[in-house]
Amino acid sequence: MANFPTHIAVGTLVAGTLATLTVAADVVAPENLVAVTLAGVLGSVLPDIDLKDSRPARAMFAGLAVFFAFAVLFSAAGHYSIAEMLILYVGTLVAVQYGAKYIFHKFSYHRGIWHSILAAVFVSFVTATVYYYLLARPDAVCWLAAGFMFIGYMTHLTLDEIYSVDVMDTRLKRSFGTAIKLVDRKHPGHSAVMALATALAYLTTPPAGLFVHSLQSQPMWASLQRQMLPPRGAPWFGIDVAGIAARAKGHRADLPAPAISDVTTGSIAPAPPADQPLPAKPSN
């Protein structure tokens, strides 16, 4: 399987690409972009949470404990006294860090139900619920975070499956086929529990109507398509390479640098009409 740094690197790349497309499509406010991007990065490492006593598992449970502790603290702000909020914060931290971790590893094993598409759907529903009730995000943002989580999760499973192929020896490793699967057929009881948990998690999710409508918006996709590349004739990153090269050779040393606009024809201006005299060369 792929190691932890590889999952982090590829997951960050995928989440960053999704975030770039999201910004270009203008479907989420900037203050929500970081939150949904983090969901994608977390999803890219989450399946390895079933590695008992491993650094990734310890790091993820510690991170989840801090996340849920702060989420509970922020949701309780203004409703309880400082002492009560501290109790909630510390209690959540300990419960997730030690209690949830112990129970989780008691009934899980590596490459089991957590390396399945069903688990990816489950954690996506949980993500939408957490973002809606604990982080108080709009319902469409919650489902966008769920989408990021699902894609990040599936990126992890895909990487593990790719690493199960020994290209040099042209053979499949014994782990091939254990990373991406719909359910865990070796333990049908685990699959049944996960299916039930997924159904219950769906019942707690926010409304998805606005998110689905946004995905079906033709103007959004048209805007995204227009912004995939710079406008025709416009310089990349606003740098007029042709103009810079021409001035460096001294061909236009006596003319001011052209202003960069949204649409440009580069350093070559269109020829004037035949009945119009050429502009006079400016005097020194």
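What follows draws every value from the coordinates through simple rules; no lab data is involved. Only a predicted model underlies this, so the values are computations on that prediction, with no experimental measurement involved. Glycine also receives a Cβ, built like all others from the backbone with ideal geometry; neighbour counts cover every protein chain displayed.
Data table
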| item | result |
| --- | --- |
| Shape category assigned to region 1-127 from the gyration tensor of Cα positions, a/c cut at 1.5 | oblate |
| Selection from Val141, Ser75, Leu118, by position along the positive dipole direction of region 1-146 (Cβ) | Leu118 |
| Three-way shape call for region 31-106 based on the alpha-carbon gyration tensor, with the a/c threshold at 1.5 | oblate |
